[in-house]
Structures are given as structure tokens and as C-alpha cells.
Amino acid sequence: MNKPNFIIIYADDLGYGDLGCYGSQNIKTPHIDSIAKSGVRFTNWYSNSPVCSPSRASLLTGRYPVNTGISQILGGKRGTQGLGTDQITLARLLKNNGYKTGIFGKWHLGVTNEHGPNKHGFDEFFGILAGCVDYYSHIFYWEQQNGVNPVHDLWENGEEVWCNGQYLTEVITEKSIQFIEKIDNEPFFLYVPYNAPHYPMHAPPEYLDRYAHLPADQRIMAAMISAMDDGIGKIIDTLKQVNKYENTVIFFSSDNGPSTESRNYLDGTEDLYYGGSAGIFRGHKASLFEGGIREPAILSSPSLLPQGKVCDKVGAMMDVFPTFLELAGIAMPDNHRMDGQSVCKMISETEYQTHTQVFWEYNGQLAVRQGQWKLVLNGMLDFSRKQADPVHLSNLDDDPGERNNLAETHPQIVADLKEEIKKWMKKHKIEKVV
């Protein structure tokens, strides 16, 4: 059998509750839902970080953010460095094993040519290097202070390109399709990191019209997600047209939970709020509560994986790298210390669990999940840095929304999990006091 093709489709700031297959009543996502029907839908899948850059670093390297050198959101002004070339990425390893590789969308792992996608194993790149842009002018505005001017941020293989007036979600889809269509007999790895539905809140009129029945603050988020969903449908249709669908592994997820940043507000109050839905979960982007890190995740390949399955076991972004390698029959390099593990056995065997523990660290927050227990230390609810309980213990089987703090009633579990966090921090050389 030929080597499988691989596609990662990565949304940006998408909420757990903003897809039809994850319970949304307002937003219609038939194409993403179809991937779930043809594959495995995960209900306990996590990002390794509650913000953009570290999440993407973990996805592409299979490592905890601290081991990638990227633990914070990277800036977007020109000259910003990023993921070091000493890091072995999934793209580089697949390329070294005969794969054609391409990325079309948001990089956010360094702005310089030395830290860009082409230096990390991607044959082709088209998209943005910073964290967000205006969807039509493709200008990065958000470091416009202290003498820093806005910068245009649209690139193709290291060269600046201009697509003024074109909606970026649709351009990303078009470039991804072109990549698939020109591949001949070689296997390929396609990374499609859409910048949707990250702010600014822009959508074409035809998508806004589709949701004319919704209130204004819900309509534009729904429109942005539908534009992405339609793009994903076009990518799937292209795979079928070129007879590559059955042998292609598709992974869909989002880098972190929905944002409560001021640019997601219509009038500066929570009464008119553009942001996505974290569903039943507490917290948002930048938080180590579930709303910031538990993500929709789907893995599909009709010829290789079960269809229509729901998996409730714990997985994380760092698991995608080793999972793809196992499906491709490629050995892990001896010089690459992997933190993730393949989920293939977890999917196929009822009693098997890939992770007994998963850890997080971000901006002074620490967390661990072990079985049904989750401990969050110094937890914040979002970018506001408004602190919740400094020690918060949840039984996620009984309380997935982390509404009830069990720290006082289970002091020994708290003590044990704190000790596990200390050991993890020591192992990964994180110098903070628990």
C-alpha cells in the first residue's frame, strides 16, 4: 500500500462549543461534521498551551512547549525570532522520507526567514507569519505602539505578496487546493492553519446573510466559522476528485479556546460579544481551565481508522506527530526527545490509555490532569489575569465544567498532584515554585 497522505487543519481561537458535531445549535459546520462521521471524534483532547504560538510548536514537534523553546505568544513585527532550526518538525521528518510538504495559512512561530516555514521542512509556504491580520488588507496592526508601525504580512516562500481585497480564509483554501492538485504520485503533508475565527471580526456578506436570523454579536462569528467550514469542504472534494481521499489522514483541531480579548467585543461590554463558545467549560484563551485548553479534535482516514467513533480518552496536540509517524511507518529519530505518544493503540484498544498524566504551564499558571482529577494552580480565566481560586481541584468525570472546587475536601489528592507537578517541572527544568 502507498504511504498515506497527511493533512492538519488547524483553526484559530475556535471554541469547543462552536461546531455542529460538538453541540452547536446556531453554527452549521456540515463539512467538519462529515470528517467526524468518517473518523474518530475526541471529547478529551487538549492543546498543550492556551495560546497560539506554544500550541503550534507542540503540534509540529510533538513536545511540550517548554521543550520547543516557545512558551509565550510570539510578536509579529519584522525581525521577531521563533522556533529554532534545531527542533525537528513533523514537516522536516516527512520531507526527509519522501513527502511533499506545504503550509498555507498562519505560521506564528517566527517572522524572520531563518525561523520561517521553509526552514522547518516545508517545501511551500503561503500565508501570514504573525498572529493575526486584517482579513482583506492582510496588515498586522496589533503592535502599533512605541514607534512600531503596522506591517503588511502576507508571504510566499520568503517573498512578500499582495492579495488586497481577497478574504484570507478563501485564499488559504484556494492555495491548499492548488497544492493537492499538482501533486503527482508522491505522498504529501499539507498543513492548513486557518487564521479563522481569530479577530478581527470580518466575514463576506454572503456568509453574514446565511445567519441573518442571529443577533449581530453571534452572526459574524458564525459567518467566519462557516467560511472556514466551506473551505474545508472544498479541500475534501478536491481529495475525492484526484482519488486521494481514501488514503489521506486528516486531523482537525484548534490551537486554543475562544478569546475574550477586547477586539472580540462589539461595544466594550459583555452584552455584545463576538467571541466563540467554550460550551460547558470554564475559562477561555490564556486559561488553564478546560475552556482554554480542551479542544474539538477529529482524526479521519477511511482506509486506516475506524469510522463514526467517539473517543473519550485523553489526547493532546503533541500526540499528532508520533501518530502520523506510526501511520506512515516512519521511525522516530534517535536525537528527538518526544513528549507525545501515538494514539493509534488508544483508538483501537478499549482499555488502553495513551496518557496517565498531562501537564501545562503558562504565565505562572500550572495544571495537571491525572485520570478524572485535574489540579489548576494560580488559574486565570482569560487574558484579564483575573485569578480564580489559587488552588482548584476538579473531578472532571463529575464536573467537567470545573465549577466545584474540591481542594478542601480532598487535601491528599491536592498534595499528591502538587508533587507530580514539581517532578514534571524539575524534569523539564521549569524554575518556578509551586
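The values are calculated or read from the model by the stated rules, or taken from the named source; none is laboratory data. Predicted, not measured: the structure shown is a model, and the values here were computed from it. Neighbour counts are summed over all protein chains in view; Cβ atoms, including those assigned to glycine, are modelled from backbone coordinates with ideal geometry.
Filtering segment 377-399 to residues that are over 25 Å from E261 (Cβ atoms) and surrounded by 15 or more Cβ atoms within 10 Å (Cβ to Cβ) leaves V391, L393, S394, N395, L396, D399.
In segment 321-341, the qualifying residues are those that are among the polar types (S, T, N, Q) and closer than 20 Å to K95 by Cβ, and the one that is surrounded by the fewest Cβ atoms within 10 Å (Cβ to Cβ) is N335.
For the subset of segment 324-338 comprising residues that are without any contact (Cβ under 8 Å) to a residue 24 or more places away in the chain and not hydrophobic (A, V, I, L, M, F, W, C), which member is nearest to P187 (Cα to Cα)? Give the derivation first.
To start, the set of residues in segment 324-338 that are without any contact (Cβ under 8 Å) to a residue 24 or more places away in the chain comprises 326, 331-332, 334.
From what is left, the residues that are not hydrophobic (A, V, I, L, M, F, W, C) are 326, 334.
On the way: E326: 15, D334: 24 Å.
Among those residues, the one meeting the criterion is E326.
Scanning segment 151-174 for residues that are surrounded by fewer than 21 Cβ atoms within 10 Å (Cβ to Cβ) and over 21 Å from H115 (Cβ atoms) yields W162, C163, N164, G165, Q166, Y167, E170, V171, E174.
Look at segment 7-33: where a residue is closer than 21 Å to A286 by Cβ and a partner is among the small types (G, A, S) and part of a strand (DSSP E or B), sitting 6+ places away or on another chain with Cβ atoms under 6 Å, you get A11/S254; L14/S254. Hey, can you tell me all the residues within segment 97-150 that are surrounded by fewer than 17 Cβ atoms within 10 Å (Cβ to Cβ) and on the phi > 0 side of the Ramachandran plot? Passing the criteria: G98, N146, G147.
Taking the criterion of being more than 30 Å from N5 (Cβ to Cβ), within 24 Å of the chain's Cα centre (by Cα), among the polar types (S, T, N, Q) and in the same structural domain as T260 (by TED's automatic domain parsing), would at least one residue in segment 168-182 satisfy it? If you could, list the steps in order and put the result at the bottom.
Here is the first cut: in segment 168-182, the residues more than 30 Å from N5 (Cβ to Cβ) are none.
No, segment 168-182 has no match at all.
In segment 285-317, the qualifying residues are those that are of a type in the set (A, V, I, L, M, F, W, C) and touching a Lys or Arg at 6+ places or on another chain (Cβ under 6 Å), and the one that is surrounded by the most Cβ atoms within 10 Å (Cβ to Cβ) is F289. Residues in segment 242-265 that are more than 23 Å from L60 (Cα to Cα), hydroxyl-bearing (S, T, Y) and touching a residue at least 12 places away in the same chain (Cβ under 8 Å): T260 only.
Picking from Y16, Y10, which residue would you name as being in a loop (DSSP other than H, G, I, E, B), at pLDDT 95 or above and closer than 26 Å to Q353 by Cα? Lay out the reasoning, then the answer.
Numbers: Y10 fails: in a loop (DSSP other than H, G, I, E, B).
So the residue among Y16, Y10 that is in a loop (DSSP other than H, G, I, E, B), at pLDDT 95 or above and closer than 26 Å to Q353 by Cα is Y16.
Filtered by the rule that a residue be surrounded by 16 or more Cβ atoms within 10 Å (Cβ to Cβ) and part of a loop (DSSP other than H, G, I, E, B), segment 411-433 gives a lone residue, I430.
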